[in-house]
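> Quick one: the structure is below, questions incoming.
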Amino acid sequence: MALDAWILGAPLKVLRQEDHPYRETTLATLGRHELSLHRRETVAGPGCELYLDGRSIFLPGAAAPSGTWFDLCRELGYEPARHWDWDPALILFQQVVPALAADWHEPPMALNALGLPEGVLSLAGLRQTFAEAVAGLRREHLGPVGAKVAETFEWLPLRAVAFHDDAQLPLDFEGTGPCGHVSLWIGIHRDRSVVLEGRSPATSLPRRWVIEDLGNRLPSEAFLQAAGLNPEPPKGFEAALQSALKRLCHWMEGPLEAYRRTYPVGISWHHGRRERLLGRTIVDVHGGSPPMLILDDGTEVAIDSDSVLTREHGGI
């Protein structure tokens, strides 16, 4: 596993591996926490069970790891909007588990085309669903304008998804309350992405989808710029874009809701500037205009170069 791809703000250290008949086990630490991976034979093939601090967080057939793993990811710095292409399930099954099972002697675990145990819902599945929806736009053959809209979305893959818990909505008996607000980040680069905000006034679907913070730009300009295409849209592009957005968001509603059911409530995935900086350590300083402080979670903070105002005449 490449160190520059590691998402969590603590190292994973493998302590020991045991190879008992019919069962292999790996013990490791992740920061101040203990992880263990146990091989399990299932009807679908070899699988695994995972423990965090002595408590089971995943059994074969589950749709996602337990909320304890989500809490740990948040504790160690994971944020959906900052760590594109990753979510807690992908971090666990595409980073942690391969490292723990690297030296296992038995046949590899049974994984699907996304590299996950069968039945696990993740951001990778949503990205695949979004790509299929975009491919559907291309197949509709709506003429030159429709082709331009399809090309725009082909350059704007789904990169990140974040759910915003609504304290006003009641929890269900499973403790996984409905979510009235979800954000979808689409784009090539995070600094010029387009954010789609889905809001539901009640627990019913579908959500009302809006494009976040366009400033004075038209939606067509924002999408074309994010896609790296000519910002001058052809005639009729704006209406075709809005129609395509409506179809894409409708296509995503069911998969998004199923994915949401895997997320525990009560975890604050987005912090304000103060909370993001509180308790962080400066690890580097980059010169420039303005100079930048680099914190231990990768955050860059600009240093105000303006001199501090002083009073020419002293006194209280």
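> May I ask you to derive the relative contact order of the stretch 3-100, considering only C-alpha pairs under 8 Å and at least 6 residues apart, and to give it as an integer percent? Mind dumping the intermediate values first?
Details: 135 pairs, mean separation 21.1, N = 98.
Taking the mean separation of contacting Cα pairs over the length of the stretch 3-100, I get 22 percent.
> Right, something else. Using +1 at the C-beta of Lys and Arg and -1 at the C-beta of Asp and Glu, which of 81, 36, 65 has the Cα lying farthest in the positive direction of the dipole of the stretch 3-100?
36
> Exposure proxy check: 209, 69 ranked by fewest other beta carbons within 10 Å?
Numbers: 209 18, 69 21.
Going from least to most buried by this count: 209, 69.
> Enumerate the amide H contacts of residue 34 below 5 Å, restricted to partners 5 or more residues apart or on another chain; note that Pro and chain-start residues carry no placed amide H.
53
> Within straight cross-link reach of residue 148, meaning Cα distance under 26 Å, which lysines are found once same-chain residues fewer than 8 apart are removed?
Partners within reach: 235, 246.
> Within 10 Å of each residue's Cβ, count the other Cβ atoms and sort 73, 48, 249 from fewest upward. The partial results should precede the final answer.
On the way: 73 25, 48 22, 249 18.
Neighbour counts put them in this order, fewest first: 249, 48, 73.
> Then there's this: Based on the alpha-carbon set only, what is the convex hull volume of the stretch 3-100 divided per residue, in Å³?
Details: hull volume 10.1 nm³, N = 98.
Given the Cα convex hull of the stretch 3-100, per-residue volume reads 103 Å³.
> Turning to a different aspect of this structure: Gain in length, residue 105 to residue 43, computed as 0.36 nm per residue apart minus the alpha-carbon separation, to one decimal in nm? Write out the running numbers ahead of the final one.
On the way: separation 62, 0.36 × 62 = 22.32 nm, distance 1.99 nm.
Using 0.36 nm per residue and subtracting the Cα-Cα distance, I get 20.3 nm.
Computed from the coordinates by the stated procedures, all read-outs in this text should not be read as laboratory data. Every value quoted in this text rests on a predicted model; they were computed, and no experiment measured them. Reconstructed Cβ throughout: ideal geometry from the backbone, glycine too, with neighbour counts over all protein chains shown.
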